[in-house]
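I have placed the structure first, in the form of structure tokens, so that the comments after it can refer back to it.
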Amino acid sequence: MNALLVVEDVHKRYGKEEVLKGVSFQVEKGETKVIIGPSGTGKSTLLRCINRLTEPDRGRVWLDGVEVTSPKTNINRIRAQIGFVFQDFNLFTHLTALDNVRLGPMRVKGMKKDEATRLAQEELARVGLADKADAYPAELSGGQQQRVSIARALAMNPKLILFDEPTSALDPELIGEVLQVMIKLAQEGMTMVVVTHEMGFARSVADEIIFMEKGVIVEQGPPAQLFSSPKHPRTAEFLRKITELYGGEG
């Protein structure tokens, strides 16, 4: 088992609704996997099952050879190795950008304050926000807040970052600045699993695209194949509709 992330036969049910119906895929180190599909199809639940923010009912997940889903696994240690960027930023509103970024390394990794401060400054610079270290979330645009969230994830030096529709809460003119940071991370070899409706991003950055619907993987493959000659008619229909809706880039 050489893949960095292995997801095997993951199921999740809420009451009578089966949200995930046996999802399996792997992510190699340095790969970017993009998950697309209609809303309500289990994409976000799948991400949350990977680091057990949501407990899967069945199935197994491994990160770098360690079984995340084993009851013997220290889940907090695993979560420290998995960055998670949410669609609604999840920043502490009473803390500055710098404090939001350095909190994890200090609390979780026991890093000294001056060392954590240097690290936070580096990560804020990495996402283009070196001049916003002392700003509070309310003083930042949505795009800037999301970039602080990415810097916060990076400060933990994760093996993997999960992105759950990171641009869906943003005004259209702010989406590009977040996607540019994500493109740069992909080029630097960060291992990422991204749930998104941004097809231009998926086409240009993904090593593989996974199309999900109704809790199952319908089709997966490299962007060129999926966009130009999808094998499943449902994939073709979804891509046609979302291209019409977002003008090819959405």
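The values are calculated or read from the model by the stated rules, or taken from the named source; none is laboratory data. Quantities reported herein were computed from a predicted structural model and do not represent experimental measurements. Backbone-built Cβ (ideal geometry, glycine too); neighbour counts: all protein chains shown. SASA here: full protein model, heavy atoms, side chains in, ligands and nucleic acids out. Shrake-Rupley method; radii C 1.70, N 1.55, O 1.52, S 1.80 Å.
Just a few scattered comments:
- Rounded to the nearest 10 degrees, the inclination of helix 233-246 to the longest alpha-carbon principal axis of the chain is 50 degrees.
- With the simple model of a label 7 Å out from the Cα in the direction of the Cβ, K72 to S141 spans 5.1 nm.
- Per residue accessible area of the stretch 1-150, 1.4 Å probe, in Å²: 49
- Here the stretch 156-250 exposes an accessible surface that is 52 percent carbon and sulfur, computed with a 1.4 Å probe and the other protein chains kept in place.
- Measuring nothing but protein heavy atoms, the accessible surface of the stretch 32-98 at 1.4 Å probe radius is 46 percent carbon and sulfur.
- Hits among lysines - C-alpha to C-alpha of K112 under 25 Å, sequence gap 8 or more where chains match: K132, K159
- Distance distribution P(r), the stretch 64-110, all Cα-Cα pairs, bin width 5 angstrom from 0: 5, 17, 21, 22, 17, 11, 6, 1 percent.
- Averaging 1/r over every pair of different alpha carbons in the stretch 80-173 and inverting the result gives a Kirkwood radius of 13.0 Å.
- Cα gyration tensor of the chain - equivalent ellipsoid semi-axes, whole Å, descending: 29, 23, 16
- Cα convex hull of the stretch 1-120, projected area averaged across orientations, nm²: 9.4
- Principal axis box of the stretch 168-250, alpha-carbon based, largest edge first, Å: 33, 28, 24
- Take the Cβ atoms of S24 and K113, set R0 to 51 Å, and the FRET efficiency comes out at 0.75.
- Counting only DSSP H runs of at least 4 residues, each contributing -39500 (n - 2.57), and dividing by the residue count of the chain, the helix-based mean residue ellipticity at 222 nm comes to -11500 deg cm²/dmol.
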